[in-house]
Structures are given as C-alpha cells and as structure tokens.
C-alpha cells in the first residue's frame with residue numbers, strides 16, 4: 001500500500017494503517033503531498049524536494065510504526081536524477097508501464113536484485129491490460145524464475161470509472177496465482193539491502209507557528225496555527241502553567257494578566273527544534289471602589305476610594321444626588337435622606353468600565369404641625385394637623401399631662417378649662433424621633449363677652465329670635481364626604497352633606513329654626529314662607545365654595561300646612577340669603593310619609609335660609625246678580641274693615657284671599673236682599 005501524508009485523512013486513519021500493517025500489508029512511501037517529482041524539481045532544489053516530499057513521508061509512516069522500504073513515484077514521473085536522490089533511502093523505486101496491454105511485451109519481469117528501479121503492471125479494470133494477458137505474465141514469471149510486480153487502486157464491487165479494481169478481477173488474479181502455485185512477496189523482499197544506508201534518515205525539522213494576536217485582555221482567546229516542517233511530534237507550551245498541547249493548531253485562553261512565552265518544540269527521529277513567541281496578557285479595565293461609610297444619618301460624610309484594576313487614567317463620579325467629581329478618591333456629603341446610586345466610570349486607552357453602589361442616608365423626622373387657633377375662650381376646640389416630614393407615625397400630647405391624646409394625622413381637641421397648655425407633637429420614624437411644641441392659651445369668658453364661633457360652631461342670630469335649634473357633630477377630612485344628621489326632628493332639616501376640600505377635624509353644625517325672619521336678612525323672599533332657618537357649619541366662614549363642594553340639604557314640610565295653605569308641592573323652594581339677596585336653590589322632592597313631604601336642595605354654602613311655596617291658583621266663578629242695596633253693603637264693609645283695623649295683623653294669608661273674601665261678602669248681601 002502506497003501512502004501520502006495522513007494529516008488530512010480524518011480521524012481513525014492511523015488506527016486503520018496500523019491494522020493493515022499488522023495484517024501483513026506492506027506500507028510504501030508515495031510522496032508527502034503526492035507531488036510530481038519532475039515538475040517539483042523544475043522549481044525547487046533537490047534538498048527542498050527531499051525535505052518537503054520524501055523525508056517527511058518516511059518520518060510520518062515510520063512514526064506510525066510501519067517501516068518503509070519502497071517508494072512509488074506519484075504519476076510514475078521519474079528520471080535518473082530522482083532515482084539517484086532516492087537511492088539511499090529505499091530498496092526499490094517503482095514506476096509504471098502505462099498502456100500495457102500485453103504483459104509479455106512489458107519490462108515488468110525482474111530477478112530478485114538485478115535492479116533498484118521496477119516497472120509495475122496496472123491491473124485496474126480500465127487499465128487496458130486484459131485478464132488473460134495478466135495470467136500469461138504470471139505463468140511466464142513462474143516458469144522463468146522472475147518477479148512480476150502488479151498494482152491497482154481502489155478495490156470496489158462495481159467499477160464506475162478509472163483507478164478502480166473490481167473485486168471479481170482481483171479475486172481471479174489471486175486465485176489463478178494460488179492455483180498455479182505462485183508465491184506473493186513484499187516489495188521489501190526485492191532489491192539489495194546494501195543499497196540502503198541503514199535506517200532512513202530524516203531531514204532537519206523546522207518549528208514554525210503564528211498567533212492571532214500577541215497582546216490581549218485577560219479572558220480573551222488566542223489562535224495558534226502550525227507551520228512547522230518535517231516534524232513527527234510537537235509540543236506547545238503556552239507558558240501559563242496550563243496543560244501543554246500536542247498540536248500547534250489550537251485555541252487557548254489566557255485568564256491571568258502577565259507576560260508569557262509560548263514555546264513550540266517539534267521533533268523527528270533525529271532532529272529537534274523549538275520556536276517561541278511572547279504573549280502579553282493585559283489586565284482588563286474593571287471599575288471598583290469602596291465607600292466608608294455606606295449608611296448613616298444625614299448629614300452623611302462619605303469617603304470614596306478607587307480600587308479599579310486595569311490601570312485607569314481617568315475617573316468620573318456621579319454621587320446620585322446631582323453632584324459629580326473627577327477626583328480619584330473624592331469625599332462627598334449627603335445632606336438629605338434617601339438611597340443614592342453612586343456610579344464610578346473609569347477610562348484608559350483600552351476603553352471604559354463602570355460600577356454602581358448604593359449609599360443609604362438615614363434621616364430623622366422633622367416635626368411640624370399647624371393649629372386652627374392658639375388662643376380663645378373655654379371651651380376652645382382646636383384642630384391640630386401634622387405637617388411633619390419623613391415621619392411614619394406620630395404621638396400628640398396637647399394638654400401637657402404626659403399622656404398621648406392622639407396618634408392621628410389630624411384631630412380636634414377641646415380645651416374645657418382656662419389655662420396655658422403646651423401642645424407637643426412627637427414625629428417618629430425608624431431612625432428616631434423629633435418634637436415640636438406650641439403654646440395654647442385658653443381664657444375664661446367674661447359674663448358680658450359674646451360667644452365666638454370656633455370649631456364647635458356658633459350663631460350671630462339673637463337668641464330671642466331662635467324658636468328651636470338642633471346640633472350635630474361629624475369629623476371633616478380632606479377629600480372625603482361628610483354628613484350631619486338631625487334625628488331629633490326639632491327643625492325642618494333632616495340632614496346636610498358635602499365633600500370637604502380641607503381637613504377641619506371634629507366639627508359642630510347648628511340648625512336654628514327662627515320665630516320670624518332672620519335679623520340678618522333685611523328682606524323677605526317671594527312666596528308663602530314655611531320656615532326661616534339658619535345653618536351654621538363649624539367656625540364662621542368655613543362652609544363656603546372655597547372649602548366645600550357638592551353640598552346638599554334635605555328638609556321636610558308638613559303636609560297639613562301645604563293643604564291648609566293650598567300650596568303647590570312642585571313650587572317648594574329652599575332659598576338662601578347671599579350677596580344681599582334671596583337666591584332660590586334647585587329643589588326636588590325626594591319622598592314622603594304620612595305627615596311630611598321630603599325635599600333635597602343643592603347649595604353652594606350655608607347661612608340663612610327660607611322654605612317657601614306658591615299657593616295653587618283656584619278656578620274663579622262669575623255670577624251676574626241684581627244690584628245690591630248700596631246702603632246696607634256700605635254698612636257691612638265698614639264693620640269688616642273696623643275688625644281688621646282693630647286687630648291689625650301681619651299679612652301672611654294666601655295671595656288672592658282678599659278677593660275671595662269679597663266675593664263671599666257680595667254673595668251674602670245678595671241672599672239677604674232676596675229674603
């Protein structure tokens with residue numbers, strides 16, 4: 001079997017070659033790269049031909065454990081020069097009698113050692129040599145003591161082209177030789193062993209390799225490519241303490257910065273050579289820093305220390321609160337509480353890298369609050385509202401007795417007795433507490449002083465004009481609806497409600513049902529008046545459009561009054577006195593029971609009100625009567641007027657009542673005359 005280089009033969013080629021040799025096959029050299037000898041020597045020296053084509057082929061095959069005694073010329077191209085160059089290394093040199101048809105006419109018969117150059121007969125199916133001619137050549141060689149050299153190429157059951165020997169043809173040749181008593185020999189059995197200069201020598205080996213880069217970041221790969229010549233063994237030492245490689249065609253990763261010497265050593269059975277390359281592994285640029293401290297109460301002074309690797313040449317700090325620095329090791333003070341993302345970006349000629357860390361700045365709460373009043377007469381209701389910052393909870397002690405009065409955000413406290421009180425708010429969070437105090441001065445009311453409204457409510461209406469009043473209390477908070485109910489039915493108001501725009505705390509609402517028109521309203525509204533009312537919500541001036549919205553008043557009217565007065569229920573109106581006049585409000589019926597009709601009214605605020613209605617218009621019947629006795633009629637009218645005059649009354653009857661009264665009077669006169 002003739003062998004070129006096995007480098008490109010794929011996995012398992014070495015094992016297959018060894019198996020053939022163990023089975024008795026002879027392995028012959030066939031040129032490392034199967035180069036045409038004559039053509040190669042036209043462009044190269046004899047030494048180059050030996051070093052690149054012949055000796056590497058010998059070294060590789062013998063390196064696989066197969067001795068080499070014979071050389072088969074690629075393409076059978078040879079001359080005396082090539083024969084002379086190869087003679088020291090082989091017992092036989094084989095060429096081919098191309099175009100042999102009749103083996104008997106070829107120069108393919110040899111004695112055992114009469115020549116070093118042999119011509120073989122090709123037995124491939126398409127070679128031109130017939131099977132009968134080959135059989136004749138076998139007979140002739142056996143009869144005359146000659147050696148006949150036969151060779152073929154790929155053995156296949158079915159021949160599909162040139163350079164193929166069918167298994168049937170090969171079996172026929174082997175069986176014929178065996179039947180004739182022929183003997184098969186190896187090529188190593190031919191020639192003269194003295195022609196070889198001992199064991200085949202090897203040419204000088206050349207170690208050579210390249211790297212994809214000789215400068216890289218730690219963790220990056222470098223590719224080694226082998227260009228060595230005539231080696232049968234090689235060992236690549238990467239220089240970083242990692243396992244060595246038996247091939248220089250390899251990819252390696254340097255993980256640690258430093259300068260390394262990569263060494264490739266190549267050998268054959270005689271020579272050894274090494275080559276080195278310097279690999280520089282650069283430490284990658286990695287941003288890093290420490291912070292001392294990483295958490296604390298504001299104002300917090302933090303020292304930042306750069307610990308970046310990779311030799312940065314510039315530093316850019318962002319402290320997360322809008323402040324920056326280009327110093328390598330800056331110091332920064334955080335004045336406000338919060339979590340701050342601190343970023344360091346380092347740079348050098350190889351690029352940039354960043355790192356972020358968190359600084360936690362803790363902050364004590366800042367206690368603060370407002371009061372609706374800081375002084376007044378007892379009983380004094382004060383609304384306390386927490387305005388603290390950074391607080392998660394609170395504790396109020398507003399009468400300086402050491403006992404918590406509330407922990408709500410906003411609440412109303414009533415000071416029942418005169419005195420000077422220290423109102424204290426303690427604001428609390430996880431980091432600690434903070435307090436604020438305000439002094440509340442409560443005075444005793446003099447007997448002659450007037451009552452102020454305050455959070456408990458109040459009225460400017462003279463008490464002599466108040467028939468009855470009813471109070472209701474509720475807690476008013478910003479953004480929430482509130483409803484004041486009046487379940488005692490003392491007045492015409494059932495309830496009132498609104499949405500508050502502010503927190504006012506516990507608040508008292510007063511409904512006053514008046515004896516007569518309010519002293520605060522100089523005019524009377526239009527229509528029949530059912531009731532005059534005052535509605536006061538909290539301190540004076542609170543219940544305005546600025547502070548409330550969606551206000552509704554629910555009131556009731558006795559059905560008996562409506563019936564007696566002949567009031568049209570659809571005309572019932574709640575009037576509010578504002579802007580120095582009576583303003584009718586949109587009113588609608590909401591229900592009834594056995595005694596009352598119920599109505600609801602939308603109002604922009606609370607002050608003086610009047611419930612009115614209109615008398616239902618009645619049908620008027622006109623009857624033509626005889627002219628009454630003028631004398632008697634004048635006499636009756638005078639009595640009537642005197643009665644009315646003697647007892648003057650406020651005009652509160654229904655509109656048109658006087659007209660009806662006059663008609664009845666005339667009817668009475670008429671009946672009297674008829675009698």
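Data overview
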| item | result |
| --- | --- |
| Per-region count, region 490-520, residues over 25 Å from residue 581 (Cα atoms), assigned to a loop (DSSP other than H, G, I, E, B) and touching a residue at least 24 places away in the same chain (Cβ under 8 Å) | 4 |
| Selected residue [in a loop (DSSP other than H, G, I, E, B), touching a strand residue (DSSP E or B) at 6+ places or on another chain (Cβ under 7 Å) and surrounded by fewer than 17 Cβ atoms within 10 Å (Cβ to Cβ)] from 280, 247 | 247 |
| Residue within region 332-344 that is outside any strand (DSSP E or B), outside the structural domain of residue 439 (by TED's automatic domain parsing) and closer than 30 Å to residue 215 by Cα present | no |
| Residue that is farthest from the chain's Cα centre (by Cα) [pool: residues in region 112-124 that are crowded, with 19+ Cβ neighbours inside 10 Å and part of a loop (DSSP other than H, G, I, E, B)] | 123 |
| Residues within region 62-110 that are under 13 Å from residue 122 (Cα atoms), touching a helix residue (DSSP H, G or I) at 6+ places or on another chain (Cβ under 8 Å), at pLDDT below 85 and surrounded by fewer than 21 Cβ atoms within 10 Å (Cβ to Cβ), tallied | 4 |
| Any hit, region 356-363, residues being closer than 30 Å to residue 294 by Cβ and not in a strand (DSSP E or B) | yes |
| Region 169-188 residues that are over 27 Å from residue 116 (Cα atoms), paired with ones that are assigned to a loop (DSSP other than H, G, I, E, B) and at pLDDT 90 or above (beta carbon under 7 Å, 6 or more apart) | 169/125 |
| Test result for residue 299, touching a residue at least 24 places away in the same chain (Cβ under 8 Å), exposed (fewer than 13 other Cβ atoms within 10 Å of the Cβ) and not assigned by TED's automatic domain parsing to the domain that holds residue 223 | yes |
| Test: residue in region 129-138 that is out of contact with any strand residue (DSSP E or B) (no Cβ under 9 Å at 6 or more places or on another chain), closer than 19 Å to residue 163 by Cβ, assigned to a loop (DSSP other than H, G, I, E, B) and modelled with pLDDT of 85 or more | yes |
| Among the residues listed as 410, 452, 406, the single one being modelled with pLDDT under 90, outside the structural domain of residue 506 (by TED's automatic domain parsing) and either exposed (fewer than 12 other Cβ atoms within 10 Å of the Cβ) or within 57 Å of the chain's Cα centre (by Cα) (or both) | 410 |
| Residue match in region 529-536 (condition: within 30 Å of residue 478 (Cα to Cα) and either in contact with a helix residue (DSSP H, G or I) (Cβ under 7 Å, 6 or more places away or on another chain) or free of Cβ contacts under 8 Å to residues at least 40 places away in the same chain (or both)) | no |
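The rows are residues; the columns are (1) surrounded by fewer than 17 Cβ atoms within 10 Å (Cβ to Cβ); (2) under 60 Å from the mean Cα position of the chain (by Cα); (3) under 27 Å from residue 462 (Cβ atoms).
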| position | (1), (2), (3) |
| --- | --- |
| 491 | no, no, yes |
| 494 | no, yes, yes |
| 521 | no, no, yes |
| 536 | no, yes, yes |
| 561 | yes, no, yes |
| 564 | yes, no, no |
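The values are calculated or read from the model by the stated rules, or taken from the named source; none is laboratory data. Note that the structure is a prediction, hence the values are computed from the model and not measured. With ideal geometry, Cβ positions are generated from the backbone for all residues, glycine too; neighbour counts draw on all protein chains shown.
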